[in-house]
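The values are calculated or read from the model by the stated rules, or taken from the named source; none is laboratory data. Just so we're clear, the structure is a prediction, and the values are computed from it rather than from any experiment. Positions of Cβ are backbone-derived with ideal geometry, glycine not excepted, and every protein chain shown enters the neighbour counts. Areas reflect the complete protein model, heavy atoms only, side chains present, ligands, DNA and RNA absent. Shrake-Rupley method; radii C 1.70, N 1.55, O 1.52, S 1.80 Å.
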Amino acid sequence: MEETTNLATILSDNLFGSIDWSKLGHLFVYDPQDPILFCTSLFLFMFLGFSIIYHLLNKKTEMRLLFVTLFSYYFYYKSSGLYFCLLALVTVIDYNIGRVLNATSTPRKRRKLVVTSVLINLGLLCYFKYTNFLCDVFSPLLTVASDALFEQEMPKFGDFDIILPVGISFFTFQSMSYTIDIYRNKLTPVKTLLDYAFYVSFFPQLVAGPIVRASDFIPQIRKPVFVSKEMFGKALFLIIAGIIKKTIISDYISINYVDRIFAEPTLYSGVEDLLGVYGYTLQIYCDFSGYSDMAIGIALLLGFQFPLNFNSPYKSTNVTEFWARWHISLSSWLRDYLYISLGGNRKGKIRTYVNLTLTMLLGGLWHGANWNFILWGGMHGLALVVHKLWMKFRNRDKHSKSPLPVRIWSTFVTFHFVCLCWIFFRASSIDKAISLIQQIFLDFRGQALPQVITGYWGVFTLMAIGYLSHYIPDNWMQKGENVLIKTPLVLQALVMVIVIWCMIQVKGSDIVPFIYFQF
């Protein structure tokens, strides 16, 4: 008996003694410096285990929905800590408002209910995202007023210690659109709170979009899980593309070049700053479209179809087309729930242009509580108005096709306008943005270009690859996707391993969160 006990002790020590239990415990503790990201090996291994359980629960719908919802809340906890309670609060409130809305026929009561939902969602968003910004804006005005009225200096507002929950801009918009669609009689509410919690918290798109409409997603919730060979191959292609965009291209050029340029643009020549602008233009596309690709791919592996969120936006020949290709889920949300609610184009030309400008200004503010974002949105709003006026002046339909040289020139101009706007989006202040633009125009020093390219050859090689892959014909990408779909499973796994190995080789020691986590 004693020998058996000793043997068990030895086996226990050998099997479990080498495990770092502190790291295992870390999986269940929120660490703001170590969020779960799609492009980490930890998530990929976790998702493998998650997928096995998920597919085993295929025929047990309630258990499957509960399992995914709990995992989604765990995923959000690892991103934002106890703010998962905020997600639960929004879910419970809008679920119940949706039920009452559906059962109420009185127009006045229905308006009150939908306004309540909108005010709660926007109230939470404004508190966490805009409190300090509004205090900074109104504090000087209150100080002037108090000095004039009371002839003494009143205490100034200080910055409140408010932490922005990751993804709050996305899940509040998503939940709010649910009640608005019920109010507009475009949607029937879900039957159970579990279904709605599943929809709002679904982890692939929870923290950085795309903003999935309830009308697209809810009908898929209780369907049997089915993933065809084509769906699996397409999902794998999207995940690989997302990892390459985010980790291999976006993070590398950001850490090794772009961040340095935007930190102190006056320390560099104009040509270096211009290349930094081109770098950021590619970085933000690869970062966010990379996340969207991975989110859509992961959802597809679970049997859910998400709409396209990016469609080669830098191929656009005008700003209107750019917003039809860039962050499609957000731009269409702003169109359907803000622009149309303001009156759209139904109240005359002047009102149309005002509505368009207001929509883009608020779209800029949605991205962050900063005058840079408001200016960025205003520039795009003004450009949209100018384009509409130009099309009216030319008396051309927006779908009419121009000759090839004109399209090339239009694409060139549109791309550089977008680059100009990205300067204000990325810079830490308007002054920094203006300094960078001044460097480009007043201190260009183009003769330094060969030396810059040589010194940062890795960065510019990846930038070249990124832009080339963006501008190649769409059918080339489709052919690559079809090749991967038809590839045997073993080779698909090998491709995935190679991509992960490349990701490990180029990534830095620090975790680089997705840019849109801050929104």
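Compute the distance in nm between two label points, each set 7 Å from the Cα along the Cα-to-Cβ direction, one at Ile255 and one at Lys401.
4.4 nm
Roll a 1.4 angstrom probe over the protein heavy atoms and tell me the percent of accessible area of the stretch 165-319 that is carbon or sulfur.
59 percent
Which net charge results for the neighbourhood of Gln439, defined as the other residues with beta-carbon distances under 12 angstrom from its beta-carbon, given Lys and Arg at +1 and Asp and Glu at -1?
In short, -2.
Could you provide, to the nearest whole Å², the per residue accessible area of the stretch 66-127 with probe 1.4 Å?
That works out to 49 Å² for each residue.
Would you mind classifying the stretch 348-399 by shape? Square roots of the alpha carbon gyration tensor eigenvalues, ordered a ≥ b ≥ c; an a/c under 1.5 is rounded, otherwise it is prolate if a/b is larger than b/c and oblate if not.
It is prolate, given that a/c is not under 1.5 and a/b is the larger ratio.
Per-residue HN-Hα couplings for the stretch 313-325, Karplus 6.51 cos²θ - 1.76 cosθ + 1.60 at θ = phi - 60°, whole Hz, x for Gly and Pro?
Result, ordered by residue: x, 7, 8, 5, 9, 7, 5, 4, 5, 4, 6, 7, 10 Hz.
May I ask you to give the percent of accessible area on the stretch 322-480 that is carbon plus sulfur, with a probe radius of 1.4 Å?
Using a 1.4 Å probe with all protein chains present, the stretch 322-480 comes out at 68 percent carbon and sulfur.
Run the paramagnetic zone check for Asp443: 7 angstrom along Cα to Cβ, then residues of the stretch 275-319 with backbone nitrogen under 13 Å.
none
List, in order, the whole-Hz ³J(HN,Hα) value for each residue of the stretch 238-253 obtained from phi through the Karplus relation with A = 6.51, B = -1.76, C = 1.60 and θ = phi - 60°; use x for Gly and Pro.
Running phi through 6.51 cos²θ - 1.76 cosθ + 1.60 with θ = phi - 60° gives 5, 5, 4, 4, x, 5, 4, 4, 6, 7, 7, 9, 4, 5, 5, 6 Hz.
I need the phi-derived Karplus couplings for the stretch 434-439: 6.51 cos²θ - 1.76 cosθ + 1.60, θ = phi - 60°, integer Hz, Gly and Pro marked x.
Each residue of the stretch 434-439 in turn: 5, 4, 5, 5, 5, 4 Hz.
So what's the gap between the Cα centers of the stretch 333-355 and the stretch 396-445, to the nearest angstrom?
With the stretch 333-355 and the stretch 396-445 each reduced to a Cα centre, they are spaced 26 Å.
Quote to one decimal, in nm, the extra length available between Lys109 and Glu230 on full extension: 0.36 nm per residue of separation minus the C-alpha distance between them.
Taking Lys109 through Glu230 to full extension adds about 38.8 nm, to one decimal.
Whole Å is fine, so just give me how far the alpha carbon centre of the stretch 357-384 lies from that of the stretch 71-120.
27 Å
Would you mind checking Lys349/Lys392; Lys112/Lys347; Lys129/Lys246; Lys59/Lys223; Lys60/Lys229 for any pair whose Cα atoms are more than 19 angstrom apart?
Details: Lys349/Lys392 11 Å; Lys112/Lys347 25 Å; Lys129/Lys246 26 Å; Lys59/Lys223 10 Å; Lys60/Lys229 23 Å.
Pairs exceeding the cut-off: Lys112/Lys347; Lys129/Lys246; Lys60/Lys229.
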